[in-house]
Protein chains: 2
Amino acid sequence: MAKFQKHVFICVNERDPSDPKGCCAAKGSPEVAAAFKRKLHERGLKRVVRANKAMCLDQCAQGVTIVVYPEATWYGHVTLDDVDEIIEQHIVGGRPVERLVIPPEKLTGIDAVPDGSRSR
Amino acid sequence: MAKFQKHVFICVNERDPSDPKGCCAAKGSPEVAAAFKRKLHERGLKRVVRANKAMCLDQCAQGVTIVVYPEATWYGHVTLDDVDEIIEQHIVGGRPVERLVIPPEKLTGIDAVPDGSRSR
């Protein structure tokens, strides 16, 4: 099936400043999303790799949070300074940027269907 | 890596009504996203499968547009009436709902890196 080779989702969810969860938007995620989009286009990857703004990715404590599909690589605490490295090393080079990968024990999400009806 | 078993992104992008591209929001995508979230929770799949609102998925002509990762199955023209079928047949049962799958020739996106530096 034709598709984007990689699909990068950047959380731009915004919560009320009084919310103890915090939010990615307050940590600069709109600027990170814009940088991904601009730099991917400059790199000639428009429509090959899509930088996509997303609402809450449910990893608020790790914001700015990004997930790269189809490999499901999760990055946390991403800043503008990290965008070039993620693009060059991971998106183009295929090697995740390990120092930014969210440790499995800090990710919300359950990698199994509890009732046993696995679909993968 | 711990993660969601499946991650369902529903486009909720909103464009000005005068934009000839149209948008998923005007076709009812916020209600479709809410239905996915509610029904997945009712099905006991909270934190196993995440329904995630996304900004523009770049398939405006096919809206309401949804993409399911990690398998990268793209659905178009999704309505509230389709949500149960997608959850039961695909998310739980593992068989995509073919009648809703966007034909490859109608998808934007290029499934190869033009300069040959493939990363998958």
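Values as computed for the structure displayed
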{"item": "Looking only at region B:63-120, and only at residues there that are under 12 Å from the mean Cα position of the chain (by Cα), of a type in the set (Gly, Ala, Ser) and over 19 Å from residue A:46 (Cβ atoms), the one that is modelled with the highest pLDDT", "result": "B:76"}
{"item": "Number of positions in region A:1-11 that are part of a loop (DSSP other than H, G, I, E, B) and either away from chain B (no Cβ under 14 Å) or among the charged types (D, E, K, R) (or both)", "result": "1"}
{"item": "Any pair with Cβ under 7 angstrom, 6 or more apart, that starts in region B:26-40 at a residue that is of a type outside the set (Ser, Thr, Tyr) and ends at one that is buried (at least 20 other Cβ atoms within 10 Å of the Cβ) and modelled with pLDDT under 95", "result": "B:27/B:63"}
{"item": "Of all residues making up region A:13-68, the number that are among the β-branched types (Val, Ile, Thr) and at positive phi", "result": "0"}
{"item": "Residue within region A:4-21 that is under 19 Å from residue B:52 (Cα atoms), in contact with a strand residue (DSSP E or B) (Cβ under 7 Å, 6 or more places away or on another chain) and at pLDDT below 95 present", "result": "yes"}
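The values are calculated or read from the model by the stated rules, or taken from the named source; none is laboratory data. Small disclaimer: the values here were computed from a predicted structure and weren't measured. No Cβ is skipped: glycine too gets one built from the backbone with ideal geometry, and neighbour counts run over all protein chains shown.
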